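Accompanying notes for the structure given below.
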Amino acid sequence: MSLIFHQLDFERRYDAAPARVFAALADPAARERWAVPVGSRLVYDQSDFRPGGLDLCRCGPPDDLRYRVENRYLEIIPDRRIVLSETTRDQDAVLSHSLNATELEPIEGGTRLRLTVQIAAAEPDMIAGALHGYQAALDNLAVEITA
């Protein structure tokens, strides 16, 4: 089966300083709270937030964390940018690979966040799932940074 290539672009404005937004992006305990849609769960088995570092996590319904995600950090500029590669698996089957770039820009009253995800998916459902997941996560992030 051929891979399906797609680019997802997101933009959000948050009523918090870039340092506060970056802190929520960097902290695995915070990501476990905000980075999945309602009704899903995310658990980090390893987190190494630094250039070259690797995160290993599992996600899915709370009683079936079947999806394994590996994030390799390529570039981190505090309060400005995070670039990472991500591979998502269902057990041992690769579902997708992506390059994710998050940029933070200070604006009056807060932060402008831009997220670009260039995804190579094994099936079309992964594109729709990624779109839903990132939209929910970015909405949840607004709640996280104002808590």
(request) Determine which single condition residue 68 fails, assuming it passes every other condition in (1) open to solvent by 80 Å² or more (accessible area, probe 1.4 Å); (2) farther than 20 Å from residue 136 by Cα. (result) (2)
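Looking only at segment 8-27, count every residue that is among the hydrophobic types (A, V, I, L, M, F, W, C) and part of a helix (DSSP H, G or I) and tell me the total.
Count: 7.
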(message) Checking the condition in contact (Cβ under 8 Å) with a residue 60 or more places away in the chain and farther than 22 Å from residue 73 by Cβ, which residue from 109, 133 passes?
(response) 109
(request) Only one of these is closer than 17 Å to residue 141 by Cβ and part of a loop (DSSP other than H, G, I, E, B): 117, 36. Name it. (result) 36
(message) Among the residues in segment 35-52, are any over 13 Å from the mean Cα position of the chain (by Cα) and of a type in the set (Lys, Arg)?
(response) yes
(message) As an exercise: evaluate residue 80 against (1) crowded, with 16+ Cβ neighbours inside 10 Å; (2) in contact with a helix residue (DSSP H, G or I) (Cβ under 9 Å, 6 or more places away or on another chain) and give the number of the one condition it does not meet.
(response) (1)
(request) Check 99, 104, 42 and return the single one that is in contact with a Phe, Trp or Tyr (Cβ under 7 Å, 6 or more places away or on another chain) and within 20 Å of residue 138 (Cα to Cα). (result) 104
(message) Please verify whether residue 104 is more than 15 Å from residue 42 (Cβ to Cβ) and either acidic (Asp, Glu) or open to solvent by 50 Å² or more (accessible area, probe 1.4 Å) (or both), treating the condition exactly as stated.
(response) no
(request) Count, please, the residues in segment 73-97 that happen to be part of a strand (DSSP E or B), over 16 Å from residue 56 (Cα atoms) and among the basic types (Lys, Arg). (result) 1
(message) Pull out all pairs, ordered by first then second residue, where Cβ-Cβ is under 7 Å, the residues are six or more apart or on different chains, the first lies in segment 11-30 and is free of Cβ contacts under 8 Å to residues at least 60 places away in the same chain, and the second is surrounded by fewer than 18 Cβ atoms within 10 Å (Cβ to Cβ) and among the hydrophobic types (A, V, I, L, M, F, W, C).
(response) 26/49
(message) For segment 107-147, give me each residue that is exposed (fewer than 13 other Cβ atoms within 10 Å of the Cβ) and of a type in the set (S, T, N, Q).
(response) 146
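The values are calculated or read from the model by the stated rules, or taken from the named source; none is laboratory data. Everything numeric here is computed off the predicted structure, so don't read it as measured data. Counting neighbours? That spans all protein chains shown, and the Cβs are built from the backbone with ideal geometry, glycine included. SASA here: full protein model, heavy atoms, side chains in, ligands and nucleic acids out. Shrake-Rupley method; radii C 1.70, N 1.55, O 1.52, S 1.80 Å.
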